[in-house]
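Visitor: So that we are looking at the same thing, I have put the structure below in structure tokens.
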Amino acid sequence: MSKKLSRNAPCPCGSGKKYKHCCIDKDFDWMEDDDGLISRRVPISDEAAELLDSLLDHQRAVLGREPDLIFQGAPPFEHIEHLMVEAMKKSGVDPALIHAYEKTGLIVSDQNYRKIPDVDLREWDAAIEEFAGRTGSVADRRRLNETDLAAILKNGPRGKLKLDEAKQDLENDLHGAFVSQLPFPPPFKKEDWGSRQVSDLRKDPQFFTYLEKCIVEITRSGRGRIYLDMFLLMTHVGTEAGPESDYPRLLAEAREQHFTVEQFRGSLDRIAESFGPKKAAPNAAAAFEFLAFIDDFMRAYAKRFGHLESLKDSLQQINATALMAFVVAVNVELGVAEDIWKA
């Protein structure tokens, strides 16, 4: 049996204040059961309650019993998070708010902020400030509004594709998956760039600003979704697929599979090997984009779920190869050297 937490108890949000001086006026209640376990009870709308009831009824009908999970068959959280980021970018959400979502896992809006503990809200605000300090871009607002949420719903994923639609979608995507050059022209002169060593470039803020700009463009352009599908597919099939494999079916399976850390590590190691010079990538710019996206995506996943140490060596190899491909791609665009990535 659960009851409301005592007003004089320490607030479970971690602020260090008593409950009566912290979250007690929020639109949720901290509850304590007979074993002393604390939970947060958040009211939901009538529409959401009806939707959950319908979902549970469907699961009971399919399984013939009470479901173990409400959202049975849902894709991995990191995949859902990526799709959400893609929808937010497509919807024109302020980049600072997108960064805050990626950093905290929260979506703070005008409608729900009173349902979120102050400690979490401060973490959200800190992420917005961090983005401003790093990029110089100050957010127009600190919460998503109704227009943002409506656009995200419109641009978000719309469920599973039928197999024939998935086949056409995959063929169209992979046909134009790889780029032939970097998304922005290098902000360097040939003479200055050609005399530098990589160790010198690492000390140049302009180099990293340009590098980050190119990485951000990958997901903004929509290619990140294609690269994620390719990564999931490679993780799912490993080296077992061949020319006659049913790739649309395998991709549909990969999108729903919950991968282990060991599977991700094995896939990262194979990618670092296969996307090196004169391997799978058609050129250095393509290798950079794919490897940089995978590195960024998997670091976010590893950090969120505590796997950074387990994946450290594999991610370092991906990062190093991506950086080398980026330097080669700049060399090509400035006319300093030929593309060593091409077969």
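The values are calculated or read from the model by the stated rules, or taken from the named source; none is laboratory data. Values in this document were obtained by computation on a predicted structure and should not be read as measured data. All Cβ positions, even for glycine, are placed from backbone atoms using ideal geometry, and neighbour counts span all protein chains on display. Side chains included, ligands, DNA and RNA excluded: accessible areas come from the protein's heavy atoms. Shrake-Rupley method; radii C 1.70, N 1.55, O 1.52, S 1.80 Å.
Visitor: In the set Arg122, Arg134, which member is surrounded by fewer than 17 Cβ atoms within 10 Å (Cβ to Cβ), closer than 23 Å to Gly224 by Cβ and among the basic types (Lys, Arg)?
Guide: Residue meeting the stated conditions: Arg134.
Visitor: Check Val198, Val216, Val237, Val261 and return the single one that is modelled with pLDDT of 80 or more, open to solvent by 40 Å² or more (accessible area, probe 1.4 Å) and β-branched (Val, Ile, Thr).
Guide: Val216
Visitor: Give the number of residues within the range 89-114 that are within 19 Å of Gly224 (Cα to Cα), among the hydroxyl-bearing types (Ser, Thr, Tyr) and modelled with pLDDT of 90 or more.
Guide: Residues meeting the conditions: 1.
Visitor: Another one. Which count do you get for residues in the range 13-26 that are under 16 Å from Leu37 (Cα atoms) and open to solvent by less than 50 Å² (accessible area, probe 1.4 Å)?
Guide: Number of matching residues: 2.
Visitor: Which residue, of Ala87, Ala126, Ala150, Ala139, is under 24 Å from Gly222 (Cα atoms), without any contact (Cβ under 8 Å) to a residue 60 or more places away in the chain and in a helix (DSSP H, G or I)?
Guide: None of the others qualify; the one that does is Ala150.
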